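The values are calculated or read from the model by the stated rules, or taken from the named source; none is laboratory data. Model, not experiment: these values are computed from the prediction. Because the Cβ atoms are built from the backbone with ideal geometry, glycine has one as well, and the counts that use them run over all protein chains shown.
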Amino acid sequence: MPSSIKLGKIAGIEIGVHWSWVFIFALITWSFAGGILEEYYPGWSETRRWGVAVIVAVIFFLSILLHELSHSLVAKARGIHVEGITLFVFGGVSRLGREPESASEEFQIAIVGPLTSLAIGAGFAILWLGLQGPAPEAAAVAGYLAFINAVIAAFNMLPGFPLDGGRVFRSIVWARNRNLLRATRIASRTGEYVAYTLMALGAAQFVASGVDQLRFLSNPVGGIWMFIIGLFLRNASAASYEQLVLQTTLEGLTAGEIARRDFIPIPPDMKMDHLVSEMMLVGHGRCYPVVTGDELLGLITLTDAQQLDREQWPETSVYRAMTPLEKLRTASPQESAASVLQLMSETDVNQVPVLEGNRIVGIISRADILRLIQVRRAVAVEN
Ligand SMILES: [Zn+2]
């Protein structure tokens with residue numbers, strides 16, 4: 001998540017805040033000042049209400065931060081590099097250098113977050129009890145913070161991947177069937193069910209506000225929130241499964257291994273009409289490396305041909321029409337296949353030549369990788 005404000009480091013872990021947090025910070029301050037405090041302390045001045053509301057929002061923020069820190073610190077203790085923590089509108093994410101390697105590792109990293117929130121909530125609940133006599137105002141704040149931390153713990157324990165509860169669930173399935181991919185599929189499918197349930201509940205609360213007989217269910221703002229959170233969870237669970245499929249299926253493969261070596265090298269002086277009629281139109285493919293000796297000069301594709309007028313094909317050399325090497329994305333044979341695929345989707349290119357120095361070793365096309373993923377996935381799921 002690039003658009004975040006950096007706050008500093010705790011235990012070597014970079015802490016950042018996504019801009020969307022400004023929004024939730026304002027929302028919490030506003031709902032606390034205008035809602036609970038106004039109801040319970042009508043005698044308070046505006047300034048006092050807003051002052052207390054800001055303090056509550058800051059403590060809320062610190063509670064979320066502690067929750068995320070607990071994940072990160074357990075991960076660090078297990079030898080996983082932690083790149084940083086970003087707090088954003090729906091909570092926070094810890095960016096770990098790698099996925100957990102075992103079910104027990106995953107279980108420990110995931111469960112500690114909700115437990116931390118629960119502990120913070122319990123702490124505030126004790127404060128709430130203790131302060132009721134001597135300081136009822138502080139007690140109200142403590143009571144609200146106890147409640148909200150309990151909600152955070154409960155929400156995160158919903159069994160939908162990638163929520164903490166979903167990770168706990170995945171680790172249990174993983175420990176039983178010893179197949180990470182299948183466990184992830186089960187956990188992210190559950191995540192989708194949880195997401196649809198949240199969306200349905202949210203929609204119901206929203207709709208109920210317009211129907212007299214359902215007024216008791218009415219909660220339009222909360223309903224919209226719940227719907228958005230459901231939507232977010234649905235996308236996140238699908239995306240994290242896809243990500244894992246790519247990582248695990250391509251694991252250990254290098255660009256050199258998956259590169260297609262049976263490419264047809266094209267000499268730079270070949271004319272475009274010849275290339276189109278003798279190569280492309282007879283089904284040898286739509287992308288060719290332009291090569292002298294075994295040195296790559298560029299790539300010539302169907303798109304390059306289409307950008308010329310047909311009348312120009314007979315007198316235009318491939319060399320003039322191609323995309324030259326310096327404008328191409330290339331890979332080295334040692335690079336991981338997964339990173340090549342990532343490069344392709346980030347830059348929206350379909351072919352990446354694999355080079356050793358200037359010498360072409362092979363070509364990787366997106367279609368080839370996707371076919372390979374299908375095959376490897378079919379084999380992995382059957383095992
Ligand atoms: Zn968490």
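Points worth noting:
- Any chance Ser94 is of a type outside the set (Val, Ile, Thr), touching a strand residue (DSSP E or B) at 6+ places or on another chain (Cβ under 7 Å) and within 16 Å of the ligand (Cβ to nearest atom): yes
- Restricting attention to the stretch 139-150 and to residues that are free of Cβ contacts under 8 Å to residues at least 40 places away in the same chain and out of contact with any Ser or Thr (no Cβ under 9 Å at 6 or more places or on another chain), the residue that is nearest to Ala195 (Cα to Cα) turns out to be Phe147.
- Output for the stretch 98-146, where each listed residue is basic (Lys, Arg) and within 16 Å of the ligand (Cβ to nearest atom): none
- Residue match in the stretch 41-63 (condition: within 16 Å of the ligand (Cβ to nearest atom), within 23 Å of Ala122 (Cβ to Cβ) and touching a residue at least 60 places away in the same chain (Cβ under 8 Å)): yes
- Considered as a group, the residues in the stretch 64-91 that are closer than 12 Å to Val17 by Cα and small (Gly, Ala, Ser) include one that is farthest from the ligand (Cβ to nearest atom), and that residue is Gly84.
- Pairs, first not assigned by TED's automatic domain parsing to the domain that holds Arg176 in the stretch 99-121, second modelled with pLDDT of 90 or more, C-beta under 8 Å, six or more apart: none
- Among residues of the stretch 245-267 being touching a residue at least 60 places away in the same chain (Cβ under 8 Å) and of a type in the set (A, V, I, L, M, F, W, C), the one that is farthest from Gln342 (Cα to Cα) is Phe263.
- Ser336 passes every criterion in (1) closer than 22 Å to Glu242 by Cα; (2) of a type in the set (Ser, Thr, Tyr); (3) more than 34 Å from the chain's Cα centre (by Cα) apart from (3).
- The condition of being closer than 18 Å to Ile64 by Cα and aliphatic (A, V, I, L, M) holds for only one of Ala150, Ala200, Ala187, Ala236, that being Ala150.
- Filter result for Gly143 (among the small types (Gly, Ala, Ser), assigned to a helix (DSSP H, G or I) and surrounded by fewer than 22 Cβ atoms within 10 Å (Cβ to Cβ)): yes
- Qualifying residue in the stretch 344-360 (condition: of a type in the set (Ser, Thr, Tyr) and surrounded by fewer than 18 Cβ atoms within 10 Å (Cβ to Cβ)): yes
- Scanning the stretch 165-180 for residues that are under 20 Å from Val56 (Cα atoms) and assigned by TED's automatic domain parsing to the domain that holds Pro100 turns up nothing.
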